[in-house]
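Just below is one structure, and these are the notes that go with it.
The values are calculated or read from the model by the stated rules, or taken from the named source; none is laboratory data. Since the structure is predicted, the reported quantities are computational estimates derived from the model, not experimental observations. Neighbour counts are summed over all protein chains in view; Cβ atoms, including those assigned to glycine, are modelled from backbone coordinates with ideal geometry.
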Amino acid sequence: MDPIGLLNVLAYKRQVLSQLLGVASIFGGFAVTGVVALRADTHSGRVQSIAFLAMIVAAVAFIFATAFDSVWLPMSNSAHSPESVRALLAAGDNIAYAVIIGVAALAVAVALLGFARSRLMGIATLMVALLAIVAFVVEVTVLVETLR
């Protein structure tokens, strides 16, 4: 790709990742709140333990995405050579992948918490969560691949 095309892709990716910064921050807050709530819960079973682990994975993924994005965005304004632009574009993919992991883990935790209430509620939340996970992963993966 020519240098102008690379800069255009970088500008577009900068816009996408600036939006993901807000999303990762908000979802990270939800995940951390879920970790605290599940930790304070007096019920401890297999479902709660797996949901707790999923919330921790989500929290860590969103914290990584937020921290890395807040470093990546300013650096993306100082890239001038084609090599530095390519390196930034490749590094920016990790932010999107971290958000994908966080959203999937958060959805798994929500789906599992339905089973803590009842089997029927668990099946319903699992189906909704699976549909959301598949749609989100497919769309974000297409977006990341488009930006390469």
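Annotations for the structure displayed:
- Given (1) modelled with pLDDT of 90 or more; (2) of a type outside the set (Gly, Ala, Ser); (3) crowded, with 18+ Cβ neighbours inside 10 Å, index of the condition Pro74 fails: (3)
- Contact map, segment 131-145: first residue within 15 Å of Val110 (Cβ to Cβ), second residue surrounded by fewer than 16 Cβ atoms within 10 Å (Cβ to Cβ) and at pLDDT 85 or above, Cβ cut-off under 8 Å, separation 6 or more or different chains; the map is empty.
- The sole residue among Val103, Val60, Val110, Val32 that is in contact (Cβ under 8 Å) with a residue 60 or more places away in the chain and among the β-branched types (Val, Ile, Thr) is Val103.
- With respect to the conditions (1) within 20 Å of Val9 (Cβ to Cβ); (2) aliphatic (A, V, I, L, M); (3) touching a residue at least 60 places away in the same chain (Cβ under 8 Å), Ala91 falls short on a single one, namely (3).
- Of residues in segment 39-59 being among the small types (Gly, Ala, Ser) and in contact with a Leu (Cβ under 6 Å, 6 or more places away or on another chain), the one surrounded by the most Cβ atoms within 10 Å (Cβ to Cβ): Ala58
- One residue from Ala54, Ala58 being at pLDDT 90 or above, touching a Phe, Trp or Tyr at 6+ places or on another chain (Cβ under 9 Å), under 22 Å from Asn94 (Cβ atoms) and small (Gly, Ala, Ser): Ala58
- Qualifying position, being in a helix (DSSP H, G or I), within 22 Å of Glu145 (Cβ to Cβ) and of a type in the set (Lys, Arg), among Arg39, Arg86: Arg86
- Hits in segment 3-38 (condition: touching a helix residue (DSSP H, G or I) at 6+ places or on another chain (Cβ under 7 Å) and exposed (fewer than 12 other Cβ atoms within 10 Å of the Cβ)): Pro3
- Selected residue (only one of Ser49, Ser18 is within 21 Å of Asp69 (Cβ to Cβ), in a helix (DSSP H, G or I) and among the small types (Gly, Ala, Ser)): Ser18
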